[in-house]
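Peer 1: The following block contains the structure, expressed as structure tokens.
The values are calculated or read from the model by the stated rules, or taken from the named source; none is laboratory data. Computed from a predicted model, the values in this text were never measured in an experiment. We place every Cβ from the backbone using ideal geometry, glycine too, and count neighbours over all the protein chains shown. Note: accessible area is taken over every heavy atom of the protein model, side chains too, but ligands, DNA and RNA are not part of it. Shrake-Rupley method; radii C 1.70, N 1.55, O 1.52, S 1.80 Å.
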Amino acid sequence: MASSLTFHPMEQFTVSPLFGGHEVHWYTITNQTLWMAIGICCILLLLVIGARARALVPGRSQSAAEVFYSFVHNMVRDVTGEDALPYFPYVLTIFCFVFFANTLSLIPTSFAVTSHVAVTGLLAIIVFLSVTILGFVKNGAHFLELFWVKSAPWYVRPALAVIELISYFVRPVSHSIRLAGNMMAGHAVMEVFATFAALIVISPLVGVFVTPLSLAAITAMYALEVLVAVVQAYIFTILTCVYLKDALHPSH
Amino acid sequence: MATEAATKTVAMPQLDFSTYVNQFFWLLVTLVVIYFVVTRLVIPRIGGVLADRKSTIERDIAAAEELKQKAISAEAAYNQALADARSEAARIVEAARAEIKKDLDEATSRADAEIMAKSAESEKRIAAIRDSALESVTQVAHETAAEIVAVMGGSADAEAVSAAVAARLKG
Amino acid sequence: MKRLAILAMLAATPAMAAEEHAVPFFSLHNPPFVVVIAFLIFLGIVVKAKVPGMVGKALDTRADQIRKDLEEARLIREEAQMILASYERKQKEVQAQADRIVAQAKSEAQTAADQAKADLKASIARRLAAAEEQIASAEQAAMREVRDRAITVAVAAAGDLLTKQMNAKSANALIDDAIGQVGARLN
């Protein structure tokens, strides 16, 4: 009988092989792999099967798919401009991945894919590299004007250039840590709250107050986490759009 | 097993770099799959429907605009046809009036000529009357004078009467 | 609450392992299970708040809006089509209308011409009649003039003759009276 509370809030993030064994090779199918696959299935369900009617006047599922699609489409158009619409498929891919990874992680006992900096970091690096390369391909050396703030007085421009350059390279770090941190924190806090629920078993006198409180707190956290999951997906994508805009129109 | 699991459990699994390659690999696989789903299925489907809807509305509006233009030109043609008919009618009336005037003038001039001819003829007749006047005057005067003289109880032979009449005619 | 009671029972089962690594799933000692409970409560609240219904209604509203937009565009087109059709019909009728206008103008012109001709004929006839009358009276005047002159001459000649014959008789006054009588009778 456990007589004390033991906290393992980070255990849920452990990447472990799905089909036995302990070694995680590069090809091993892990719990993370499973939940990424479930994410793909959800994308298929909402955006492909849901929209299969292709009706001019949509039903509910098709309408939902259209709202989802238009949300990203409008984001790309409004934030980045009409000339960025060729990159819409990439942005939609990123949003689909982050959105479904975030929301699926809300299901208890699931795996929070986007709480891993390995995932968000690689995503951010992919965005960073493609945007940087695109910036140079589209603008050539003019892309460097991104770091040369013409609106500032000439004598502060070199200093600003250094700051801009640093902030440019910090982008993928903040981009990825923001998402992973948010997702990880929420889940960890929920797990901590959940641990307190055992108090009713250990000490009924204290537990009679603490256990319901813990459940209520987790329930409230759920409301918050739904918001966080959606908003973080949105922020990750909109930042991608902002970076894309810098690549297409570097001059300040 | 418990100890093994414990050693495997890092304080923060996120920083367990031994899983990174695996995570990178499956993330890339997932992204590629999503990319293909998005470009092959989602965008053609939903984008197609949205574009269809937009183009349906735009086509309707454009068709309405075109029809409106056609209606305007049809109205113009209609008005033009009416105006043409009216001016044609006016032309016919004008032509008819000219025709009537011509007829009138012709008839008037013919009547004038007729009147002129008649008056000329009458002039001739009057002249003839006047020409024959001397003879008839002489004759009538002769007869009348003779009768008067006879009534008055005078005796007058024809010769004397003729002489008297001739004298008066000259006088 | 009922669920909680069951949980408590489950948690109290003696089968529960002391070893934390062997904690069964359905136990309050197992945080993921607690999270499952909280998740179900959350879902219950969401359903109780009629969020799915609201979402469904929002989607239906969107569909209605789309249907309305499509319908509106279609109506605009049909209206334009109707206007055009009415103009085309009018255009078809316009030939007849134009023909009618022209025909009416023609018949009016014809009537006016006939009227004018009739008037002209009458006026010419009047003029001719007047002229003939004038001529006739002129001829009559001429004839009367001739006769008057003959009578004047005759009276004068008779007078001359009688004067010559009745110089001695000095009955001039009587003769003159008689002559006047004769003149009056002859006239």
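Peer 1: What is the log10 of I(q)/I(0) for the protein assembly as shown, computed with the Debye formula using one identical point scatterer on each Cα and no solvent, at q = 0.06, 0.10 Å⁻¹?
Peer 2: -0.62, -1.05
Peer 1: Something else: Under a 1.4 Å probe, what is the accessible area of the stretch A:57-112 per residue, stated in Å²? Intermediate results must be reported in sequence, preceding the final value.
Peer 2: On the way: 1830 Å² over 56 residues.
Result: 33 Å² of accessible area for each residue.
Peer 1: To the nearest 100 Å², how much accessible surface do chains B and C cover up together, summed over both, with a 1.4 Å probe? Please report the intermediate quantities before stating the final value.
Peer 2: Numbers: alone 14790 and 16320 Å², together 25760 Å².
Between B and C, the summed buried area is about 5300 Å².
Peer 1: Shifting gears a bit: Which three extents, in whole angstrom, do the alpha-carbon atoms of the stretch B:71-157 cover along their principal axes, largest first?
Peer 2: 115, 21, 6
Peer 1: Same structure again: Considering only the other residues whose Cβ falls under 15 Å of the Cβ of residue B:146, what net charge follows from Lys and Arg at +1 and Asp and Glu at -1?
Peer 2: Values: positive: B:168, C:164; negative: B:143, B:147, B:157, B:159, C:160.
Local net charge: -3.
Peer 1: In vacuum, with every alpha carbon of the stretch A:55-111 counted as one equal point scatterer, what does the Debye formula give for log10 I(q)/I(0) at q = 0.15, 0.26 Å⁻¹? Two decimals, please.
Peer 2: After summing over all Cα pairs, the log10 values are -0.56, -1.00.
Peer 1: Excluding residues on the same chain fewer than 8 positions from residue C:48, give the lysines whose Cα lies under 29 Å from its Cα.
Peer 2: List returned: C:2, C:57.
Peer 1: Still on this structure, please answer the following. Taking every pair of Cα atoms in the stretch B:18-170, average 1/r, invert it to obtain the Kirkwood radius, and report Rg/Rh to two decimals. Let's see the in-between values first.
Peer 2: Numbers: Rg = 59.2 Å, Rh = 28.6 Å.
The Rg/Rh ratio comes out at 2.07.
Peer 1: What is the percent carbon and sulfur in the accessible area of chain A, measuring with a 1.4 Å probe over the protein chains and ignoring ligands?
Peer 2: 73 percent
Peer 1: For residue A:30, which sequence-distant residues (separation of 5 or more, or a different chain) have an amide H within less than 5 Å of its own amide H, given hydrogens modelled in the peptide plane?
Peer 2: Counting only residues 5 or more places away or on other chains, the set is A:18.
Peer 1: Distance from the Cα centre of the stretch C:71-109 to that of the stretch A:39-81, in angstrom?
Peer 2: Rounded to whole Å, the Cα centres lie 48 Å apart.
Peer 1: Give the cross-link partners of residue C:50 among the lysines, using a straight C-alpha distance below 22 Å as the criterion and excluding same-chain residues fewer than 8 apart.
Peer 2: Hits, sequence-local ones excluded: zero.
Peer 1: Still on this structure, please answer the following. When only the heavy atoms of the protein chains count and the probe is 1.4 Å, how do A:90, A:168, A:234 rank by accessible area, highest first?
Peer 2: Order by accessible area, largest first: A:90, A:234, A:168.
Peer 1: Here's a follow-up. Carbon and sulfur together cover what percent of the accessible area of the stretch C:51-97 at a 1.4 Å probe radius?
Peer 2: Numbers: 1860 of 3310 Å².
Heavy-atom surface of the stretch C:51-97 belonging to carbon and sulfur, 1.4 Å probe: 56 percent.
Peer 1: For residue C:92, list the lysines whose Cα falls under 20 Å from its own Cα; do not include residues on the same chain fewer than 8 positions away.
Peer 2: B:68, B:70
Peer 1: How much accessible area does residue A:26 have with a 1.4 Å probe, in Å² rounded to the nearest 10?
Peer 2: 140 Å²
Peer 1: Give me the summed buried accessible area for the B-A pair, 1.4 Å probe, to the nearest 100 Å².
Peer 2: That pair hides around 3900 Å² of surface in total.
Peer 1: Roughly how much accessible area, to the nearest 100 Å², goes out of reach of solvent when A and C pair up, both sides summed, probe 1.4 Å?
Peer 2: Working: alone 14330 and 16320 Å², together 28000 Å².
Summed over both sides, the interface buries about 2600 Å².
Peer 1: Using DSSP to define loop residues, name the trypsin sites (Lys or Arg not before Pro) in the stretch C:34-70 whose beta-carbon has at most 13 other beta-carbon atoms within 10 Å. Kindly include the intermediate steps, with their values, before the conclusion.
Peer 2: Numbers: sites: C:48, C:50, C:57, C:62, C:67, C:68; in loops: C:50.
Of the trypsin sites (Lys or Arg not before Pro), the ones in loops of the stretch C:34-70 whose Cβ has at most 13 other Cβ atoms within 10 Å are C:50.
Peer 1: Ok, one more. Apply the Kirkwood formula to the stretch A:28-248: the hydrodynamic radius equals the inverse of the mean of 1/r over all pairs of different alpha-carbon atoms; give it in Å with one decimal. Walk me through the intermediate numbers first.
Peer 2: Numbers: mean 1/r = 0.0502 Å⁻¹.
Computed over the stretch A:28-248, the radius equals 19.9 Å.
Peer 1: Run the accessible area of chain B with a 1.4 Å probe and give the carbon-and-sulfur part as a rounded percent. Numbers along the way, then the final one.
Peer 2: On the way: 6240 of 10180 Å².
The C+S portion of the solvent-accessible surface of chain B is 61 percent.
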